[in-house]
Amino acid sequence: MPPTLSELLRRPPEVGRMLSPASLGCSRVTWQVLCRDGAVVELRPGFALLAGVTPTPADRAQTLVGAVPAGVVVARAWAVWIHAGGPPPTPPRRVGVVYRPGTSRPRSMPGLEPVQTSLRPWDVVLVGDLPVTSPVRTAMDVATWSTGAEAARDLVRLRTSGADLPAGMAELRRVTGWRGSLQAVRRIEAATLVALGTADV
């Protein structure tokens, strides 16, 4: 049946930079075909940009805005992904967030992994509309809490994206009571050498 006049005159939906099945008005199957054929490139499942568009930290952050409640800060491996790009944490993991002492723990949300920690004002930056630990604080956290291989990989990614890893080392030496600071400093030193091409991971 040919389209009616009203259907022909209907304005197409306005599509923004970030694409999703809902924004395109397509089914999951159609979405998978678009991804498979390379018409769109997924940043995270259900969120994509048109092929050829270079993703920014704000693009990556936008994919998490609806998943992260107010009052918490995206941190650790997920903050690395926002700042430095590359694939999101795998295998698919809950989004790591931190909340300050004296504030309420986020309500049980299956997609979040909340941790309580102190955050100074300069430890947090806004990426788009999403609060994220700064690159320096992210490096400190990753060097302290991630496994050796993951820390090495993520620290190199941060350094390659422009993070000031020496500032992270200086902060770790300056902050009193930071558990595991010596190991964290050694990890950051090693990642700095790798990023400069003078050592292997």
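Which residue, of Thr30, Thr54, Thr63, is touching a helix residue (DSSP H, G or I) at 6+ places or on another chain (Cβ under 8 Å) and modelled with pLDDT of 90 or more?
Going through Thr30, Thr54, Thr63 in turn, just one is touching a helix residue (DSSP H, G or I) at 6+ places or on another chain (Cβ under 8 Å) and modelled with pLDDT of 90 or more: Thr30.
Six or more apart or on different chains, Cβ under 8 Å: which pairs go from a residue in segment 84-97 that's touching a residue at least 40 places away in the same chain (Cβ under 8 Å) and hydrophobic (A, V, I, L, M, F, W, C) to one that's buried (at least 17 other Cβ atoms within 10 Å of the Cβ) and part of a loop (DSSP other than H, G, I, E, B)? Could you list them?
As it stands, the answer is Ala84/Ala163, since those pairs meet every condition given.
Residues Ser161, Ser134, Ser181: which one is more than 26 Å from Thr56 (Cβ to Cβ) and among the hydroxyl-bearing types (Ser, Thr, Tyr)?
Only one candidate passes the filter, namely Ser181.
When you look at Gly148, is it touching a helix residue (DSSP H, G or I) at 6+ places or on another chain (Cβ under 8 Å) and under 23 Å from Asp59 (Cβ atoms), yes or no?
No; evaluated as a whole, the condition is false for this residue.
If you go through segment 169-178 one residue at a time, do you hit one that is closer than 15 Å to Val80 by Cβ and open to solvent by less than 30 Å² (accessible area, probe 1.4 Å)? Give the derivation first.
Step one: of segment 169-178, the residues closer than 15 Å to Val80 by Cβ are none.
No.
Looking at Val127, Val95, Val185, Val72, which is the one that is in contact with a Leu (Cβ under 7 Å, 6 or more places away or on another chain) and within 30 Å of Ala48 (Cα to Cα)?
Val95
Does Thr192 qualify as being open to solvent by 40 Å² or more (accessible area, probe 1.4 Å), hydroxyl-bearing (Ser, Thr, Tyr) and modelled with pLDDT under 95?
no
The values are calculated or read from the model by the stated rules, or taken from the named source; none is laboratory data. From a predicted model like this one, the values you see are computed outputs, not experimental measurements. In this analysis, Cβ positions are derived from the backbone assuming ideal geometry, glycine residues included, and neighbour counts consider all displayed protein chains. Side chains are part of the model used for accessible areas, which takes the heavy atoms of the whole protein and leaves out ligands, DNA and RNA. Shrake-Rupley method; radii C 1.70, N 1.55, O 1.52, S 1.80 Å.
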